[in-house]
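The values are calculated or read from the model by the stated rules, or taken from the named source; none is laboratory data. Quantities reported herein were computed from a predicted structural model and do not represent experimental measurements. Don't worry about glycine lacking a Cβ; one is built from the backbone with ideal geometry, like all the others, and counts go over all protein chains shown. Surface areas here come from the heavy atoms of the whole protein model, side chains and all, with no ligands, DNA or RNA. Shrake-Rupley method; radii C 1.70, N 1.55, O 1.52, S 1.80 Å.
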Amino acid sequence: MSGTNARKEHRLSIRCIALFVSVFVVAGCACGVDPLPGYAPASSEERAALMRAVSDYYVVRARAFVSGDTGALFAAYPKLQQGEDLREGINLDGFWLPHMRELGVVDVTDDLEGYEAARFYVKEAAAVAFVHGWEIWNYPRGDHTGLEFFTRIDLASDADRWVVERTDEQMMGERPPRTPNP
């Protein structure tokens, strides 16, 4: 083998090793990054209070979808009026309302833990919920549509209760939100 070919093979070997090492370094860093820095799993008491807050939000949301009036929803959760982002799935309640009315939805039922138990994480006066459930829209003809949803819900403590401040629905084609390991 000539000296030139040996040097080319040596350079190729070094590049392969460098690529191999960099892939594992990047993968290792990505896996080790905490998606919720400073948050800890909620205690059983915190989990119960947060589940009540998330359940209450979905009840008020369902009423708004059926009635066509966001007044009560946005009075209870004023921050959900801001920052709507259709592409990223952020705060879509105002977007969904006219579509629900067009479809003539007469009832909305949510099973918040239809696919897996909701997960809650707390950091001082802030909390994050990951809800993977099932929603059913009922129509006047008696038929219905069932939808799977996976939503990150950001909450804040307001005196003696938790309040929903932001929702982030996973959109088709979007990667699921990163959650801490259970």
Subject >> Members of the stretch 43-61 found to be open to solvent by less than 10 Å² (accessible area, probe 1.4 Å) and out of contact with any Leu (no Cβ under 7 Å at 6 or more places or on another chain), listed by number >> reply: TYR57
Original post:
Given the conditions (1) farther than 21 Å from ARG161 by Cα; (2) surrounded by fewer than 18 Cβ atoms within 10 Å (Cβ to Cβ); (3) in contact (Cβ under 8 Å) with a residue 40 or more places away in the chain, which single one is not true for HIS99?
Top reply: (3)
Subject >> Failed item in (1) modelled with pLDDT of 90 or more; (2) among the acidic types (Asp, Glu); (3) open to solvent by less than 50 Å² (accessible area, probe 1.4 Å), with GLU169 passing the rest >> reply: (1)
Original post:
Looking at (1) open to solvent by 30 Å² or more (accessible area, probe 1.4 Å); (2) modelled with pLDDT under 95, which is the one condition that is false for LEU36?
Top reply: (1)
Subject >> Leading residue by the ranking (least open to solvent (accessible area, probe 1.4 Å)) among those in the stretch 147-166 that are among the charged types (D, E, K, R) and more than 10 Å from VAL131 (Cα to Cα) >> reply: ASP154
Subject >> ARG119 open to solvent by 40 Å² or more (accessible area, probe 1.4 Å), farther than 22 Å from LEU73 by Cβ and under 13 Å from the mean Cα position of the chain (by Cα) >> reply: yes
Subject >> When residues of the stretch 122-137 are limited to those that are open to solvent by 10 Å² or more (accessible area, probe 1.4 Å) and out of contact with any helix residue (DSSP H, G or I) (no Cβ under 9 Å at 6 or more places or on another chain), the one nearest to ALA62 (Cα to Cα) >> reply: ILE136
**OP:** Name every residue in the stretch 62-71 that is open to solvent by 30 Å² or more (accessible area, probe 1.4 Å) and in contact (Cβ under 8 Å) with a residue 40 or more places away in the chain, in order of residue number.
**Re:** VAL66
